[in-house]
Amino acid sequence: MPAWVVLSAVLLAASLALKIAADRPARARRRNRTVLRTARLVLRPARPGDLLALHAIFTDAEAMAYWSTPPHRDLATTQAWLESMLAADPAESCDFIVERDGRVIGKAGCWRLPEVGYILARDQWGQGLAREALEAVVAHVFAAHPLAALIADVDPRNARSLALLKGLGFVETSRAERTMQVGEAWVDSVYLKLARPA
Ligand SMILES: CC(C)(COP(=O)(O)OP(=O)(O)OC[C@H]1O[C@@H](n2cnc3c(N)ncnc32)[C@H](O)[C@@H]1OP(=O)(O)O)[C@@H](O)C(=O)NCCC(=O)NCCS
């Protein structure tokens with residue numbers, strides 16, 4: 001990674017940490033402090049220092065092929081994304097950074113309840129890790145929030161994501177065309193829902 005990227009990341013993380021420290025009294029009451037542990041993963045709240053690891057994931061064109069935005073073009077875009085995760089109100093959000101063996105490998109959760117969103121670094125795909133992370137997230141969200149159901153909005157071409165959700169018990173509720181503009185392209189949606197277990 002070029003030195004300027006590392007330097008910018010350090011500066012951005014430091015400025016983000018300062019901003020958070022300045023706003024500490026209000027945030028201290030509202031911060032998500034939940035940590036979930038699974039056999040292979042730790043799911044924890046985001047930190048300013050997650051910036052570079054997340055940037056590596058959000059600039060991967062293949063991982064971002066069916067995301068709701070194009071791949072991040074610069075570190076500032078990932079910083080804005082991370083800031084929105086850090087600033088989210090735990091009453092409306094239940095989102096986690098996913099760590100494996102101390103490495104940040106993605107995120108899983110609901111940035112805005114009740115919709116799930118998740119992304120893992122490509123070298124981690126196909127090992128059941130997203131399923132493992134989301135099983136923990138789903139159980140926690142239903143335990144911690146009075147929701148009747150979780151929902152998801154998936155690009156119909158995203159076979160991995162659809163298989164993951166259906167494996168978790170999500171059922172398709174409807175489809176719609178040209179629901180979102182991502183860069184220059186309009187994309188379609190499959191809507192899914194997972195009802196609170198009885
Ligand atoms: C979607 C994503 C999180 C899945 O991660 P993963 O760790 O590979 O998922 P898992 O290994 O837990 O596999 C989940 C299911 O998908 C299946 N699957 C794996 N690769 C697949 C493929 N190429 N096509 C179809 N299904 C596939 C698995 O068999 C598994 O199903 P099962 O539980 O019935 O065996 C990952 O591909 C990703 O980060 N994609 C980019 C971001 C993204 O698209 N997020 C979703 C936006 S809606």
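The values are calculated or read from the model by the stated rules, or taken from the named source; none is laboratory data. Computed from a prediction, not measured in an experiment: that's the story for all the values here. Glycine also receives a Cβ, built like all others from the backbone with ideal geometry; neighbour counts cover every protein chain displayed.
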Checklist outcome for this item: Of the residues in the range 111-138, those that are more than 7 Å from the ligand (Cβ to nearest atom), under 21 Å from residue 151 (Cβ atoms) and either touching a Pro at 6+ places or on another chain (Cβ under 8 Å) or not charged (D, E, K, R) (or both) number 9
Item to check | Checklist (1) part of a loop (DSSP other than H, G, I, E, B); (2) surrounded by fewer than 12 Cβ atoms within 10 Å (Cβ to Cβ) applied to residue 169, failing item | outcome: (2)
Item to check | Single residue of the range 90-130 satisfying the filter (surrounded by 15 or more Cβ atoms within 10 Å (Cβ to Cβ) and small (Gly, Ala, Ser)) that is farthest from residue 47 (Cα to Cα) | outcome: 130
Item to check | Pairs with Cβ under 8 Å, 6+ apart, first in the range 166-193 and in contact (Cβ under 8 Å) with a residue 12 or more places away in the chain and more than 19 Å from residue 114 (Cα to Cα), second basic (Lys, Arg) and part of a strand (DSSP E or B) | outcome: 187/178; 188/175; 188/178
Checklist entry - Out of the range 49-67, which residues are in a loop (DSSP other than H, G, I, E, B), within 11 Å of the ligand (Cβ to nearest atom) and under 14 Å from residue 106 (Cβ atoms)? => result 60, 62, 63, 64, 67
Checklist entry - What is the number of the single condition among (1) at pLDDT 95 or above; (2) out of contact with any Gly (no Cβ under 8 Å at 6 or more places or on another chain) that residue 14 does not meet? => result (1)
Next on the checklist: of a type in the set (S, T, N, Q), more than 12 Å from the ligand (Cβ to nearest atom) and in contact with a helix residue (DSSP H, G or I) (Cβ under 9 Å, 6 or more places away or on another chain): which single residue out of 84, 93 fits that description?
Outcome noted: 93
Next on the checklist: Against the condition away from the ligand (no atom under 13 Å from the Cβ), out of contact with any His (no Cβ under 8 Å at 6 or more places or on another chain) and small (Gly, Ala, Ser), how does residue 46 come out, does it pass?
Outcome noted: yes
Checklist outcome for this item: Checked pairs for the range 85-99, first under 23 Å from residue 121 (Cα atoms) and of a type in the set (Phe, Trp, Tyr), second buried (at least 18 other Cβ atoms within 10 Å of the Cβ) and modelled with pLDDT under 95, C-beta under 9 Å and 6 or more apart or across chains, list as 96/32
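Pick from 87, 139, 80: which is surrounded by fewer than 19 Cβ atoms within 10 Å (Cβ to Cβ) and within 20 Å of residue 180 (Cβ to Cβ)? Give the derivation first.
Numbers: 87 fails: within 20 Å of residue 180 (Cβ to Cβ); 139 fails: within 20 Å of residue 180 (Cβ to Cβ).
Just a single option satisfies the conditions, and that option is 80.
Can you tell me which residue within the range 139-198, out of those that are acidic (Asp, Glu) and within 15 Å of the ligand (Cβ to nearest atom), is nearest to residue 64 (Cα to Cα)?
Taking the range 139-198 and keeping what is acidic (Asp, Glu), we get 153, 155, 172, 177, 184, 188.
Narrowing further to those that are within 15 Å of the ligand (Cβ to nearest atom): 153, 155, 172, 188.
Numbers: 153: 15, 155: 12, 172: 22, 188: 15 Å.
This residue is 155.
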